[in-house]
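Data first, discussion second: the structure below is written as structure tokens.
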Amino acid sequence: MKNLLFLFPFLFLLLSSAASAAHNITRILEKHPGFSTFNHYLSATHLADEINRRQTITVLAIDNGAMNSLLDKHLSLPTLKNVLSLHVLVDYFGAKKLHQINNSTTLVSSMFQATGAAAGTSGYVNITNLKGGKVGFAAEDNDGSLHSFYVKSVQEFPYYISVLQISNPISSADAEAPTAAPSAIDLISIMSKQGCKAFADLLRGSKALPSFKESIDGGLTVFCPTDSAVNGFAPKYKNLTDSQKVSLLLYHGVPVYQSLQMLKSSNGIINTLATEGANKYDFTVQNDGEDVSLKTKVNTVSIIGTLIDQDPFVAYKINKVLMPRELFKASDVDEAPAESPKPPKKKTKKGGQGSSAADAPADGPASDSDDQRAADEDSNGVSGLHDVRLVALLSVVIGFLSL
């Protein structure tokens, strides 16, 4: 009996870990047909993937009737994504916590705010604990009046995910503002205004630009090095031939839409706009919790921000210039530290994927170092770390039960 009592904390940890790893918003809402429309558009806008990836989150679900009132506005899918992301809070609020809000009101960041799509603080949601147990919700940028109220708890996994029903959609002028069509997006302007002007200037006068523009409508992910990273890389860039410069710029584009949640939920090799035949020009995406790294055989860079995320186009800010093995070797990497990631703080290691190509410099890429091989081997086990912990905990439980 004493052994069983001692095991209770371990069993609690095991069950909690399993719940946190297994939550799936699509499956949760599938059990409730009254939210089928809301559920459908979470998937259509790719918000479901982001919700499933996070471990501390609250979904403010609206039923089919309330969704119809939102759909009657005939918003484009990118705009609808902004509105729905306002209904996903990046903090945990169960029914009990809602009714225990101090000072009657609190301001909570939504996914609309967290992704950088919101202007100013318009992506914050005001939660107000009213008299009589009533709780109201409103966007920070509205007139301050409450038009949406708590109805019931749909599903809660403390303190990982909570799904709460609210009476009406949360309205926000900023979230509902028309969103430009992907092909109308001015890539150069966006990069120039958000800390990637140096890279934008290189792209502006390059033969690589048409490839970026032509890929936007079909899906495009761009990785933009910061101004300081590009300026520090300038001497190496000048030593490249014209064709190599084009290849390097194309190496920073991926011809598919890769949202941040997609990058964070998968490890593996991805091709780039520079990939063609024997010229692989690929790199490896490696995630560690909230941090995402892009690894070539020459260097490792970290994603430190999102410039724009408008399916099927997304652009991220990275702290270094990606150096493909086809153009560089490990000894070309400067020892000086690059700009530190903010908010992601990824530990950088040398390693990644790559291949030789026809337009490599005369001295060619160096062979893999021991550190590079070790990094490659290590990357294969990162994604299974959580599973290893669960297995270890389960082993302890079984061991005590056998006593």
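Below, the figures for the structure above:
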quantity	calculated
Where a residue in the stretch 194-215 is in the same structural domain as Asp227 (by the TED database) and over 15 Å from Ile308 (Cβ atoms) and its partner, wherever it lies, is open to solvent by 60 Å² or more (accessible area, probe 1.4 Å) and modelled with pLDDT of 95 or more, with Cβ under 7 Å and at least six apart	Ala198/Asn231
First in the stretch 69-96 and assigned by the TED database to the domain that holds Ser162, second anywhere and open to solvent by 50 Å² or more (accessible area, probe 1.4 Å) and basic (Lys, Arg), Cβ under 8 Å, 6 or more apart	Ala95/Lys152
Matching residues in the stretch 275-296 - criterion: being out of contact with any Phe, Trp or Tyr (no Cβ under 7 Å at 6 or more places or on another chain) and either in a strand (DSSP E or B) or open to solvent by less than 20 Å² (accessible area, probe 1.4 Å) (or both)	Glu276, Asn279, Asp282, Phe283, Thr284, Val285, Gln286, Asn287, Asp288, Asp291, Val292, Ser293
Enumeration of residues in the stretch 117-134 that are among the charged types (D, E, K, R) and not in a loop (DSSP other than H, G, I, E, B)	Lys131
Residue tally, condition over 16 Å from Ile170 (Cβ atoms) and assigned to a loop (DSSP other than H, G, I, E, B), over the stretch 135-155	0
Residue within the stretch 151-162 that is at pLDDT below 90 and either surrounded by 18 or more Cβ atoms within 10 Å (Cβ to Cβ) or among the small types (Gly, Ala, Ser) (or both) present	no
Boolean, Ser162 is more than 19 Å from Ile101 (Cβ to Cβ) and among the hydroxyl-bearing types (Ser, Thr, Tyr)	no
Answer residue from the stretch 178-195, given it is of a type in the set (A, V, I, L, M, F, W, C) and touching a helix residue (DSSP H, G or I) at 6+ places or on another chain (Cβ under 7 Å) and is surrounded by the most Cβ atoms within 10 Å (Cβ to Cβ) among those	Met191
Any helices (runs of 4 or more DSSP H) falling wholly within the stretch 31-116 and containing at least 3 residues that are of a type outside the set (D, E, K, R) and in contact with a Leu (Cβ under 9 Å, 6 or more places away or on another chain)	36-44, 47-53, 77-85, 111-114
Scope the stretch 125-150; condition closer than 26 Å to Thr26 by Cα and open to solvent by less than 40 Å² (accessible area, probe 1.4 Å); matching residues	Val125, Ile127, Val135, Gly136, Phe137, Ala138, Ala139, Ser148
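The values are calculated or read from the model by the stated rules, or taken from the named source; none is laboratory data. Nothing here was measured: the structure is a model prediction, and the numbers come from that model. So basically every Cβ, Gly included, is an ideal-geometry build from the backbone, and we count neighbours across all protein chains shown. Ligands, DNA and RNA are stripped out before the accessible areas are found, and what is left, the full protein with its side chains, is counted by its heavy atoms. Shrake-Rupley method; radii C 1.70, N 1.55, O 1.52, S 1.80 Å.
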